[in-house]
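Chemist: Below are the structure tokens for one structure; questions will follow.
Values in this text are rule-based calculations from the coordinates and carry no lab data. The model shown is predicted, which means the values in this text are computed figures rather than measured ones. So basically every Cβ, Gly included, is an ideal-geometry build from the backbone, and we count neighbours across all protein chains shown.
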Amino acid sequence: MHEPLVLPKRRPMSINILDDDDGDDPILSVVNIVDVFLVIIAVLLIAVIENPLNPFATQDVIVIKNPGKADMGMVVKEGKELKEYKSSGQIGEGQGDKAGTAYRLKNGSMVYVPEIGGSK
């Protein structure tokens, strides 16, 4: 008679995550650095979009730099055109009509109230 075939016992297959050698792979460090740079780029793009002088913005903007100081300046953005005006520190004179009244509030801020109609 034939003897039955006896197979050796196999060890059950186990997945041991703790013995994984992926921690030694140098390419994973490069992937992590790329992820960090992607986050930095996203933050910079958000900062550019939120900037009032953003070249892609459609609204007109006026930015006053150093208000009330000797080196005060103003940047005016109309469409895609930027104009910069700097204070010369001199008092100008000329002819014109009263355009409105400015009031200084108790908190130090200024409010401009334009005149309705215009007086001559």
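Chemist: 7 Å from Cα along Cα→Cβ at both Ser88 and Ile27: what's the point-to-point distance in nm?
Modeler: 6.7 nm
Chemist: Tell me which lysines have Cα within less than 21 Å of Lys80's Cα, excluding those fewer than 8 residues away on the same chain?
Modeler: In chain and number order, the partners are Lys65.
Chemist: Mind ranking 29-41, 76-88 by how tightly packed they are, going by the mean number of other C-beta atoms within 10 angstrom, highest first?
Modeler: The peptides rank, most packed first, as 76-88, 29-41.
Chemist: Still on this structure, please answer the following. Using the beta-carbon distance between Ala47 and Thr101 and R0 = 35 Å, what value does 1/(1 + (r/R0)^6) give for FRET efficiency, to the nearest 0.05?
Modeler: It comes to 0.40.
Chemist: Excluding Asp71 itself, calculate the net charge of residues whose Cβ lies under 12 Å from the Cβ of Asp71, where each Lys or Arg counts +1 and each Asp or Glu counts -1.
Modeler: Taking every other residue near Asp71 into account, the sum is +3.
Chemist: Check the straight Cα-Cα distances from Lys98 and name the lysines below 20 Å, setting aside those fewer than 8 residues away within the same chain.
Modeler: Filter leaves Lys120.
Chemist: Another question about this same structure. So, by mean Cβ neighbours within 10 angstrom, what's the order for 105-113, 3-11, 42-50 with the highest one leading?
Modeler: 42-50, 105-113, 3-11
Chemist: Net charge around Pro114, counting only other residues with Cβ within less than 14 Å of its Cβ (Lys, Arg = +1; Asp, Glu = -1)?
Modeler: Here the charged neighbours net out to -1.
Chemist: Sorted from fewest to most neighbouring beta carbons within 10 Å, what does the list Thr58, Thr101 look like?
Modeler: Result, fewest neighbours first: Thr58, Thr101.
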